[in-house]
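What follows is a single structure, written as structure tokens, with notes after it.
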Amino acid sequence: MGTGPGDQYRPDHSDDDKGDDNFGGSSRDWCREAVTRLDAGRPEDALTAAHRAADLDPFSEWAHRLSSLAFERLGRDADALPPAREAVRLALGSWPARVRLAAVLRRLPGHWDEALDQVALARRFAPERPGPYVLDGDLALLRAEHSRAAAAYRAALDLDPGHPQARVNLGLTLLRWDRPRAHHDPAWPIEPRETGRARRALEVWSRQARLLVALATLTVAVAALGFDRGTEAKLAGFAVLVLLVPLTLGQARRIRVWPYVPGMLGRDPWLGTAVVSAAVSVVAFAAWLGLATVPGVPSSFDPVWAGLAAIAVLGWPMLAALRALAETWRGRPVQALTEFIRAAGERTARRNAGVALWIVLGRTWSVLVPLVLGALAVEPRAALLAVAVPYPLVGSYRRAGYREDKWLAAATALVALAAAACAAGGTLGSAWSWRAGLGALGAVAIVFALRAVRAWWRGAPGPWRASLIMCDLPVGAEPSVELTSEIRQAFAYARNVVLTYGDSLGPRVVGAVATVGPSGELRLIAETEAWEAIETDPRVAVFAADPLQRRFWVEVRGIALADGDLLRVTPKQVLMGEFPGRHQRR
């Protein structure tokens with residue numbers, strides 16, 4: 001379902017609940033009811049209410065925005081687009097409508113650039129509101145543009161220090177967070193499932209290739225050295241190489257987006273590393289077999305022979321260990337934890353705080369182990385330095401007040417015990433202290449493994465970076481500014497309407513002719529000198545007086561955009577007052 005230029009979106013009410021017909025009220029009453037239902041987690045009922053509001057007032061851009069939001073909450077992103085576009089058509093200068101449209105467009109392949117344009121317009125229309133900056137940061141964060149995302153979130157927090165989404169997602173930028181589909185650029189005009197299928201094919205091939213090569217290397221070595229079956233073992237090794245050909249071709253046929261594969265490997269470095277390491281393992285295994293079959297190879301080639309075998313066998317576990325270490329030391333978890341603590345009322349903040357604490361614990365453990373082992377091997381008294389290592393972890397744990405994860409509490413206590421015991425063992429020369437410290441370090445690894453297995457078994461968030469989630473609160477539900485009957489009357493009968501705007505010389509005032517459109521926008525005919533200035537800064541104010549009672553004045557502040565020969569002003573704020581006079585003494 002779509003709309004072309006000039007077409008009006010017509011909502012489909014086939015899924016509406018007829019039982020709501022007993023609810024009375026105006027279109028805006030139904031919009032408020034839709035917001036209430038959205039806040040209560042009832043998007044289907046909210047969609048019904050939004051459709052009722054649109055029936056009562058087809059020109060209500062708020063009703064169309066809420067329809068789009070309800071569709072999005074139901075997971076119907078394609079259906080959320082037409083009402084979002086209709087809201088923009090009805091109110092060109094509405095920043096909530098622009099934000100709502102951008103939020104929908106970012107979820108649809110091929111619309112990323114348009115989403116960026118809509119966010120830029122929203123920021124231009126409402127530089128005093130945090131919402132457009134937060135969505136701008138979200139778009140940057142989804143593309144792993146962490147510096148730009150952090151700048152946008154900080155700009156939002158300057159306007160609203162308590163904004164939970166900006167706080168949580170700023171913490172993610174400090175952790176250098178990547179979305180779960182890191183291989184996919186949301187700006188690509190293809191479905192994520194296409195690149196997901198290609199990613200799975202590449203992962204399966206790399207896993208199969210590394211496993212087959214490692215097992216074949218061990219089998220050939222054991223058969224040749226242990227059972228004197230070198231010739232047969234080498235033939236089996238070449239058979240493995242032949243087997244890799246159909247495996248490779250089979251996975252390659254599953255990849256339908258080859259032009260995007262280089263970009264996928266660049267965006268997801270661990271996927272690229274896995275594919276490259278698999279290719280290196282296969283080449284090393286082939287060279288190892290070829291070197292072993294060459295007669296008369298001197299003994300000086302033994303280190304090369306052993307090195308190729310080590311690459312084939314140890315490449316996988318070494319890569320896994322390197323990835324775990326790199327993920328542990330990526331980003332600034334202590335600073336990120338501070339942001340999560342400031343947004344503790346948000347559910348995602350609590351979850352991310354727990355993951356950040358596990359990351360800090362992993363860093364602490366990875367520092368303690370080499371420090372303690374190095375002290376044992378070189379100078380035991382150097383173990384005294386271990387006392388200072390757990391301080392950031394213990395301080396972060398106390399500040400966070402995170403009591404939901406007892407496994408984390410146990411691991412933190414074990415790390416502190418290990419540091420104290422090893423320091424005591426190094427300074428006092430106590431063997432039992434050393435044993436207690438080393439045992440506590442080993443127990444930390446066991447606790448982490450048990451916690452990870454428990455999370456995997458239950459399908460719950462685990463103590464790893466992949467459990468971090470982005471805060472994505474619904475946007476675009478803000479009510480539109482209503483022009484009451486008194487205000488409409490003032491503009492309908494006013495003899496003089498004044499338009500104020502700003503240009504390079506300062507505030508300017510010109511006369512205008514104004515009417516109120518069916519959607520609540522002002523439609524102005526103004527002098528041509530105002531148009532160029534409004535293109536640069538669309539924020540204007542329109543003033544009119546009520547000519548009938550001669551008591552009221554009205555000022556509408558809003559966003560002016562050109563539409564043919566007219567200026568359409570979308571209200572952002574309405575001010576009303578009374579002129580001083582004898583009527584005030586009544």
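Annotations
- Net +/- balance of residues flanking Asp138 in space, Cβ distance below 9 Å, scoring K and R +1, D and E -1: -1
- For Met318, solvent-accessible area (1.4 Å; no DNA, RNA or ligand), Å²: 130 Å²
- Tensor-based shape of the stretch 473-552 (alpha-carbon gyration tensor, a/c under 1.5 rounded, otherwise prolate or oblate): oblate
- Cα long-axis angle, helix 95-105 against the chain (0 to 90 degrees, to the nearest 10): 40 degrees
- Across the stretch 346-362, computed HN-Hα scalar couplings (Karplus, 6.51 cos²θ - 1.76 cosθ + 1.60, θ = phi - 60°) run 8, 4, 5, 5, 5, 4, 5, 4, x, 5, 4, 5, 4, 5, 4, 5, x Hz from first to last residue, x flagging Gly and Pro.
- Rounded to 5, the percent of DSSP beta bridges in the chain classed as antiparallel: 100 percent
- Overall form of the stretch 429-469 per C-alpha gyration tensor (a/c, 1.5; a/b vs b/c): prolate
- Total formal charge among the other residues, if their Cβ is under 15 angstrom from that of Ser366, Lys/Arg +1 and Asp/Glu -1: +3
- Most tightly packed first, judged by the mean number of other beta-carbon atoms within 10 Å of their residues, the peptides 486-498, 523-535 read 486-498, 523-535.
- In degrees, nearest ten, helix 164-174 long axis to first principal axis of the chain (Cα): 30 degrees
- Each peptide in 128-138, 335-345 receives the mean, over its residues, of other Cβ atoms within 10 Å, and ordering these scores from highest gives 128-138, 335-345.
- Remark: relative contact order (the chain) = 11 percent; criterion is Cα-Cα distance under 8 angstrom and separation of 6 or more residues.
- Each listed q (0.06, 0.12 Å⁻¹) maps to a log10 I(q)/I(0) for the chain from the Debye sum over equal C-alpha point scatterers, namely -0.49, -1.23.
- Here r is the Cβ-Cβ distance between Glu191 and Ala324 and R0 is 22 Å; the resulting FRET efficiency, rounded to 0.05, is 0.10.
- The peptide list 451-462, 358-369, 279-290, put in order of mean Cβ contacts within 10 Å with the highest first, becomes 358-369, 279-290, 451-462.
- The chain: calculated mean residue ellipticity at 222 nm from DSSP helix runs of at least 4, using -39500 (n - 2.57): -20000 deg cm²/dmol
- Accessible area expressed per residue, the chain, with surrounding protein chains retained (probe 1.4 Å, Å²): 49 Å²
- Cα shape, the stretch 135-185, gyration tensor, a/c 1.5 rule: prolate
- The chain: angle of helix 302-328 to the longest principal axis, Cα-based, in degrees nearest 10: 30 degrees
- Whole-percent carbon and sulfur share, accessible surface of the chain, 1.4 Å: 59 percent
The values are calculated or read from the model by the stated rules, or taken from the named source; none is laboratory data. The structure displayed is predicted, hence computed values, not measured ones. A quick note on method: Cβ atoms are made from the backbone with ideal geometry, for glycine too, and the neighbour counts reach across all protein chains shown. Protein only, heavy atoms only, side chains kept; ligands, DNA and RNA dropped before computing areas. Shrake-Rupley method; radii C 1.70, N 1.55, O 1.52, S 1.80 Å.
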